Each structure stands twice: as C-alpha cells, then as structure tokens.
Amino acid sequence: MEDEIKMIMARVFEMKIEDFPAEINQSTIDNWDSLRHLNLIIELEEAFDKSFEPEEIGEMTSIEKIMEIIKK
C-alpha cells in the first residue's frame with residue numbers, strides 16, 4: 001500500500017519517488033498546497049475505492065496518517 005500511495009503522491013506533487021524526503025508530510029513537500037491536497041485525496045479515493053470524511057481529509061497530512069486512515 002505504501003508504494004502505491006507514493007506513486008500517487010509522486011504524480012500529484014510532480015516529483016520523483018526517489019526525491020521524497022525521509023519524512024513525507026505537508027511540511028517537507030514544498031508544493032503540497034491546498035489544491036494538490038484535494039487532488040491527492042481524489043486520487044486516493046479512486047485508487048482505494050474509498051470515500052473520506054471531511055475530518056479525515058484534514059488529518060491526511062503525512063504518509064503515515066494517510067495509510068492509517070485508508071486501513072480503517
């Protein structure tokens with residue numbers, strides 16, 4: 001699951017996977033703005049066939065939190 005999320009993030013944030021920092025979160029990805037965050041959520045919902053609640057969307061600011069919410 002982590003690799004699939006990284007591939008989605010690479011596409012949304014227009015980065016190479018190998019360029020991701022050790023800690024992947026909103027403060028370590030320069031172009032993780034509100035519009036790209038929404039694009040990320042849409043891509044994740046499609047990829048994992050899920051629909052996220054507004055509270056969950058607001059919490060999805062790191063790859064760890066994204067994985068945790070998807071596993072629910």
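Read-outs throughout are calculated quantities, based only on the coordinates presented, and are distinct from any laboratory measurement. Here the structure is a predicted model, which is why all the values come from computation and not from measurement. For neighbour counting, all protein chains shown are included, and Cβ atoms are generated from backbone atoms with ideal geometry for every residue, glycine included.
What are the residue pairs meeting all of these: first residue in segment 12-37, first residue over 15 Å from residue 58 (Cβ atoms) and without any contact (Cβ under 8 Å) to a residue 24 or more places away in the chain, second residue part of a helix (DSSP H, G or I) and among the small types (Gly, Ala, Ser), Cβ atoms under 8 Å, and 6 or more apart or on different chains?
Qualifying pairs under 8 Å: 16/10; 17/10; 20/10.
Being loosely packed, with under 12 Cβ neighbours inside 10 Å and closer than 23 Å to residue 16 by Cβ narrows it down to one of 49, 30, so name that one. Working first, answer last.
Values: 49 fails: closer than 23 Å to residue 16 by Cβ.
Criteria check complete, one pass: 30.
Name the residues in segment 33-46 that are aliphatic (A, V, I, L, M), surrounded by fewer than 16 Cβ atoms within 10 Å (Cβ to Cβ) and either under 18 Å from residue 71 (Cα atoms) or in contact with a Cys (Cβ under 7 Å, 6 or more places away or on another chain) (or both), would you? Quick ask: steps written out before the conclusion?
Step one: filter segment 33-46 for residues aliphatic (A, V, I, L, M), giving 35, 38, 40-42, 44.
From the residues that got through so far, the ones that are surrounded by fewer than 16 Cβ atoms within 10 Å (Cβ to Cβ) too are 35, 38, 42.
Selection gives 42 alone.
Where in the chain are the helices (runs of 4 or more DSSP H), entirely inside, with at least 2 residues that are basic (Lys, Arg)?
Once the helices (runs of 4 or more DSSP H) in the chain are filtered for at least 2 residues that are basic (Lys, Arg), what remains is 2-12, 63-71.
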